[in-house]
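Here the structure is laid out as structure tokens; the discussion comes afterwards.
The values are calculated or read from the model by the stated rules, or taken from the named source; none is laboratory data. As the structure is a computational prediction, the values presented were derived from the model and not from experiment. Using ideal geometry, Cβ is built from the backbone for each residue, glycine included, and neighbour counts are taken over all protein chains shown. Please note that ligands, DNA and RNA were not included when accessible areas were found on the heavy atoms of the full protein model with its side chains. Shrake-Rupley method; radii C 1.70, N 1.55, O 1.52, S 1.80 Å.
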Amino acid sequence: MPPPPAARAKVLRAFAELLVESGERAATLEAVAERAGVSKGGLLYHFPSKDALVDGLLDHLGELTATDVETMRGAPEGAADYLLRTSTVIDGDFGVLYLAVSRLAQGPYPRARDVLDAAQAAWTEAVREEVGDPVLARAVSLMGEGLYALASFGASSLDDGDIDELLVLVREAAAARSSGRTPA
């Protein structure tokens, strides 16, 4: 899917940043237009209401999630490795957008929760395809959520060694579960 036009993308990015920095109430159409550097009329051309702006942000997260899942499936080290390592990246476009949608899910936007749930399900399914076990795949997905939460709150104690150790545990558990043994 082609990227959104430049002005539309700037508006979505501005909306996401305002949601993350100041919350949903502060992310008014006027504030979004000002942050994006467009006129309110320019914003309304792309998004005629705040609900349309929310829908645009949710649709954009859905598109980025689909691309991310395809990247996961093709990752040389595997989907679980990709998921856990990228779960600590919060400052890129995807991280800001995901956090912004998380903020919307806390308010009067139930579709935001649905979009987040769909993303979680897609990531979990990609990991399940690799590890072969739905319970282990869900555990990996929850590990990713925990890593994301720690990174979102500025945890400085995370490093690649921690993720390497988690991946060893995941591989051992996958091998044990596929052989019918219970991991230690």
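What number of residues in the range 130-142 are within 14 Å of the chain's Cα centre (by Cα) and either hydrophobic (A, V, I, L, M, F, W, C) or open to solvent by 40 Å² or more (accessible area, probe 1.4 Å) (or both)?
Here is the first cut: in the range 130-142, the residues within 14 Å of the chain's Cα centre (by Cα) are 141-142.
Checking the rest, the ones that are also either hydrophobic (A, V, I, L, M, F, W, C) or open to solvent by 40 Å² or more (accessible area, probe 1.4 Å) (or both) come to 142.
Residues in the range 130-142 being within 14 Å of the chain's Cα centre (by Cα) and either hydrophobic (A, V, I, L, M, F, W, C) or open to solvent by 40 Å² or more (accessible area, probe 1.4 Å) (or both): 1 in total.
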task = Filter the range 65-80 down to residues that are of a type in the set (A, V, I, L, M, F, W, C) and not in a loop (DSSP other than H, G, I, E, B) and give me whichever is surrounded by the most Cβ atoms within 10 Å (Cβ to Cβ).
result = A80
ask   = Out of (1) part of a loop (DSSP other than H, G, I, E, B); (2) surrounded by 13 or more Cβ atoms within 10 Å (Cβ to Cβ), the odd one out for L84 is which?
value = (1)
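Among the residues of the range 46-64 satisfying the criterion of being open to solvent by less than 10 Å² (accessible area, probe 1.4 Å) and assigned to a helix (DSSP H, G or I), which is nearest to G146 (Cα to Cα)?
Narrowing the range 46-64 to residues open to solvent by less than 10 Å² (accessible area, probe 1.4 Å): 47, 53-54, 56-58, 61.
Imposing the further condition that a residue be assigned to a helix (DSSP H, G or I) reduces the set to 53-54, 56-58, 61.
Values: L53: 29, V54: 26, G56: 27, L57: 24, L58: 22, L61: 20 Å.
Applying the filter and picking the extreme gives L61.
Looking at the range 91-113, can you tell me whether even one residue there is open to solvent by 20 Å² or more (accessible area, probe 1.4 Å), within 26 Å of D159 (Cβ to Cβ) and assigned to a loop (DSSP other than H, G, I, E, B)?
Step one: list which residues in the range 91-113 are open to solvent by 20 Å² or more (accessible area, probe 1.4 Å), which gives 91-94, 96, 99, 102-103, 105-111, 113.
From what is left, the residues that are within 26 Å of D159 (Cβ to Cβ) are 91-94, 96, 99, 102.
Then keep just the ones that are assigned to a loop (DSSP other than H, G, I, E, B); that gives 91-92.
Yes - at least one qualifying residue is present in the range 91-113.
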note = Note on the range 43-86: residues within 19 Å of R128 (Cβ to Cβ) and among the aliphatic types (A, V, I, L, M) are A66, V69, M72, A75, A79, A80, L83, L84
